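A.B. asks: Could you have a look at this structure, given as structure tokens, before my questions?
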Amino acid sequence: MCGIVGYVGSQQATPILMAGLKRLEYRGYDSAGLALLNGEGLKVVKRPGKIRELEAAIEKAPIKATCGIAHTRWATHGAPTQPNAHPHTSSAGDIALVHNGIIENSDVIKARLVREGYVFVSETDTEVVVHLIDYLWEEGEPLEEAVAAALRQVEGAYGIAVVSSRDPNKIVVARRGSPLLIGVGKNGEMLAGSDAAAVIAVTRDVVYLDDGDYAVLTPEGYRTYQLEGQEVDRGVHEVTWDLAAIEKGGHEHFMLKEIFEQPASLADVMRGRLILEEGDARLGGIADHQFDLGTIQRIVITACGTSWHAGLVGEYMLEELARIPVNVEYASEFRYRNPVLEDRTLALAVSQSGETADTLAALKEAERRGIPTMGIVNAVGSTIARQTKFGIYLHAGPEIGVASTKAFTSQLVALSLFTLFMARRRHMSVVQGREIVQSLQQLPSQVEEVLKLNDEIRDLAKHYVDSKNFLYLGRGYQFPVALEGALKLKEVSYIHAEGYPAAEMKHGPIALIDDDMPVVVLAPRDPIYSKVVSNIEEVKARHGRIIAIVSDDAPELQGKVDYMIKVPQTLPHLLPVLTTIPLQLLAYHIAVLRGADVDQPRNLAKSVTVE
Ligand code: AGP
């Protein structure tokens, strides 16, 4: 949700900023811009549309500079037009600012500044901050003093980077509620970025700012402060993944690359965490909190989107196998109601990015109520990962495709590891534990098997390119998979799709079924299979076009469904890992055939850092 890059050093800034921006394009892609500082002052170039539009403009009129900031936008306030694109500048054109987040009191500040004679040229909430910095900047003060003074008056969420020709060769960055990190270069160069992808081509050494921090970057180094003025040391961390992880590696799209990475990402989430002999999971990130976990009597899972679907599967697993009551909450709902959180409740946030604003806010609400918080997060060092008391990392590597694929299956496995850990400390026998460990060990190679269906699913997709609607049905562990399959299709192909509990269909959606309605039914062999067969009969009786995802030859379905896609068999609570993958491939191929931009679907952004 908006990407920020900054560079100050001895090299030409433009190529470094543009390369960083391209790696952040997944965060927002409706306009882009940069501001460069050189001996001639501050130059700003911005364009509506994707980063290639900005690139073309810069190629026509290159600017030499060794300090600059850049931005790729996902619009919150104001349409994606040139005036609304970032950077925003002071009226004299001597301060430039890029922002990710929402300034909640922008109207109040704007009214004040208009009274002082400031003229606004955009519809954004961001522009107030640059004028406020200008207004508060006292003669002789360094830029950071003015930025800090302005931020003390601002309400809402921000990650910002600011440069000024009045105090050149310096970038001031700050964050509250939106991510921002510093890249510490080796040869007198400093970077800033919304995430490590922006800086990794230059350095792996990063400093994560905390909420309420600001920092001053110059070729001589960096200093970090709290908004109140106190200097702080946030420590340097090493990014462990490399550039190849954020490149397409020969695949046409990141989404396809990430779908095909799943055997490896699943092996990674389990690496060193399975103890076959003891039928148990070794979870370093939570083992030290056995006391907290041992006394837990309820778990509240908060998440959004695909991560919420993973949370639903988690609910079923934890209740069935660990016998712990679980509620799964949309983080955006949880944060604004007044949920009952008794003692001995654990708040568990599930998030790929670790930056989703609603999930973070729900977590903070739980914390305020004094209950322990845990995270299942992919992005190492992300805000949610640092905010939670303990957690489990997915180690899935960067996920760039806006539609989450490999992170989802890793979330399912992380939740099953957590379930095993909790169940074995309650009542689960070693025998049952071993059976689960053995089944988990087989998952990566079973996923390889499912991926061999790619060509078959691509051919199948051709029949559905012109469909207007899709229904996805599943029961038990497969109900969240139905929701996830529908979400994937909607996101990347723009076909309307609904996921529904298969039996609940009779209570309404069955009215939609006719010979024009594709219905994807999750029907692997699990304890509820025979009931799903009956639901399939109901759809068939209304001439629905059925694609069934099965886990054996499913003789009961022969002649009743139009297509059958067969995945390997595993334990019921692990089947979602396998049944999800054909749905990811189906959504991908339909979208590609429709000419959609699968990695950057319209209106979406990878991590939603505004509420
Ligand atoms: C999934 O394909 C999404 N684009 C979206 O629903 C996502 O899962 C959601 O925004 C939550 O993100 P998070 O996992 O990074 O918190």
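The values are calculated or read from the model by the stated rules, or taken from the named source; none is laboratory data. What you see is a predicted model, and the numbers here were worked out from it, not measured in a lab. So basically every Cβ, Gly included, is an ideal-geometry build from the backbone, and we count neighbours across all protein chains shown. Side chains included, ligands, DNA and RNA excluded: accessible areas come from the protein's heavy atoms. Shrake-Rupley method; radii C 1.70, N 1.55, O 1.52, S 1.80 Å.
A.B. asks: Beta carbons within 10 angstrom, averaged per residue: use that to sort the peptides 502-510, 41-49, 297-305, 231-239, highest first.
C.D. replies: On the way: 502-510: 15.7, 41-49: 18.7, 297-305: 22.8, 231-239: 12.6.
Per-residue mean Cβ counts within 10 Å order the peptides as 297-305, 41-49, 502-510, 231-239.
A.B. asks: Calculate, for E53 and F120, the FRET efficiency according to 1/(1 + (r/R0)^6) with r their C-beta to C-beta distance and R0 22 Å; round to the nearest 0.05.
C.D. replies: On the way: r = 24 Å, r/R0 = 1.10.
My answer for the efficiency is 0.35.
A.B. asks: Hey, another quick one. To the nearest 0.05, how large is the calculated FRET efficiency for N469 and R426 if R₀ is 45 Å and r is the Cβ-Cβ distance? Mind showing how you got there, number by number?
C.D. replies: On the way: r = 44 Å, r/R0 = 0.97.
About 0.55, to the nearest 0.05.
A.B. asks: Please compute the length gained on full extension between E220 and D514, using 0.36 nm multiplied by the number of residues separating them and subtracting their Cα-Cα distance.
C.D. replies: Values: separation 294, 0.36 × 294 = 105.84 nm, distance 6.87 nm.
Computed gain between E220 and D514 is 99.0 nm.
A.B. asks: Would you list which aspartates and glutamates come within 19 Å of K389, measuring only between C-alpha atoms, while excluding same-chain residues fewer than 8 positions from it?
C.D. replies: Those aspartates and glutamates meeting the cut-off are D210, D211, D288, D292, E342, D343, E355, D358, E365, E367.
A.B. asks: Per residue, what accessible area does the chain have, given a 1.4 Å probe and all protein chains present, in Å²?
C.D. replies: Values: 22650 Å² over 611 residues.
That works out to 37 Å² for each residue.
A.B. asks: With point charges of +1 on the Cβ of Lys and Arg and -1 on the Cβ of Asp and Glu, referenced to the Cα centre of the range 60-141, which listed residue (T126, C67, T81) lies farthest in the positive direction of the dipole?
C.D. replies: Of T126, C67, T81, it is T81.
A.B. asks: What nm value, rounded to one decimal, do you get for the distance between D233 and V533 when each label is placed 7 Å out toward the C-beta?
C.D. replies: About 6.8 nm separates the two model spin labels.
A.B. asks: If amide H atoms are built 1.01 Å from N in the plane of the peptide, which residues on other chains or at least 5 residues away come under 5 Å of the amide H of G375?
C.D. replies: Sorted by chain and number, the residues that satisfy this are A349, F390, G391, I392.
A.B. asks: Further, regarding this structure: Round to a whole number: what % of the accessible area of the chain belongs to carbon and sulfur, probe 1.4 Å?
C.D. replies: Details: 10910 of 22650 Å².
C and S fraction of accessible area: 48 percent.
A.B. asks: A further question on this structure: What residues qualify as long-range amide H neighbours of E329, i.e. H under 5 Å apart, gap of 5 or more or another chain, H built at 1.01 Å from N?
C.D. replies: I301, T302, A303
A.B. asks: I would also like to ask the following. Between K186 and N105, take the C-beta separation as r, use R0 = 56 Å, and let me know the FRET efficiency to the nearest 0.05. Show your work: numbers first, answer last.
C.D. replies: Numbers: r = 41 Å, r/R0 = 0.72.
The formula returns an efficiency of 0.85 here.
A.B. asks: Can you list the lysines whose alpha carbon is less than 28 Å from that of K560, not counting same-chain residues fewer than 8 positions off?
C.D. replies: Cross-link targets: K452, K462, K468, K488, K490, K506, K531, K540.
A.B. asks: Another question about this same structure. Quick one: helix 406-424 against the long Cα principal axis of the chain, what's the angle to the nearest 10°, folded into 0 to 90?
C.D. replies: 70
A.B. asks: Still on this model: Could you calculate the contour length gain from A79 to A541, that is, 0.36 nm times the residue separation minus the distance between their Cα atoms, to one decimal place in nm? Mind showing how you got there, number by number?
C.D. replies: Working: separation 462, 0.36 × 462 = 166.32 nm, distance 4.72 nm.
Net length gain for the segment: 161.6 nm.
A.B. asks: Additional query: May I ask for the distance between the Cα centers of the range 176-245 and the range 1-74, given as a whole number of Å?
C.D. replies: Cα centroid to Cα centroid, the span is 18 Å.
A.B. asks: Report, ordered by chain and residue number, the lysines lying within cross-link reach of K22, taken as a straight Cα distance under 19 Å and ignoring same-chain residues fewer than 8 apart.
C.D. replies: K46, K50, K60, K248, K257, K606
A.B. asks: Given Cα pairs under 8 Å that are at least 6 residues apart, what percent is the relative contact order of the chain? The partial results should precede the final answer.
C.D. replies: Working: 1420 pairs, mean separation 73.4, N = 611.
This gives 12 percent for the chain.
A.B. asks: Let me ask another. Please sort 552-560, 457-465 by packing, taking for each peptide the average over its residues of neighbouring beta carbons within 10 angstrom, highest first. Could you put the intermediate results ahead of the total?
C.D. replies: On the way: 552-560: 13.2, 457-465: 16.4.
Result, highest mean first: 457-465, 552-560.
A.B. asks: Of the listed peptides 335-342, 319-326, what is their order by residue-averaged count of other C-beta atoms within 10 Å, with the highest listed first?
C.D. replies: Highest-to-lowest ranking by the protection proxy: 319-326, 335-342.
A.B. asks: State the extension gain, in nm to one decimal, for the chain segment bounded by W241 and R368, taking 0.36 nm per residue of separation less the distance between their alpha-carbons. If you can, show how the numbers build up before the last one.
C.D. replies: On the way: separation 127, 0.36 × 127 = 45.72 nm, distance 3.41 nm.
That works out to 42.3 nm of additional length.
A.B. asks: Work out the length of the dipole vector of the range 521-611 about its Cα centre, built from +1 on the beta-carbon of each Lys and Arg and -1 on the beta-carbon of each Asp and Glu, and round it to the nearest 20 debye. Walk me through the numbers before you get to the answer.
C.D. replies: Values: 10 positive and 10 negative charges, 39 e Å.
Value, rounded to 20: 180 debye.
A.B. asks: Another question about this same structure. Out of all DSSP beta bridges in the chain, what portion is antiparallel? Express it as a percent rounded to 5. It would help to have the intermediate numbers written out before the result.
C.D. replies: Values: 64 of 102 bridges.
DSSP beta bridges in the chain are roughly 65 percent antiparallel.
A.B. asks: For n ≥ 4 DSSP H runs only, could you compute -39500 (n - 2.57) per run for the chain, divide by its residues and tell me the 222 nm figure to the nearest 500? Before the final figure, lay out the partial values.
C.D. replies: Numbers: 19 runs with 206 residues, N = 611.
That comes out to -10000 deg cm²/dmol.
A.B. asks: Where a ≥ b ≥ c are the square roots of the eigenvalues of the C-alpha gyration tensor, would you call the range 252-364 rounded, which needs a/c under 1.5, or, failing that, prolate if a/b is larger than b/c, or oblate? Spell out each step's value before the answer.
C.D. replies: Details: a/c = 2.08, a/b = 1.13, b/c = 1.84.
Verdict is oblate for the range 252-364.
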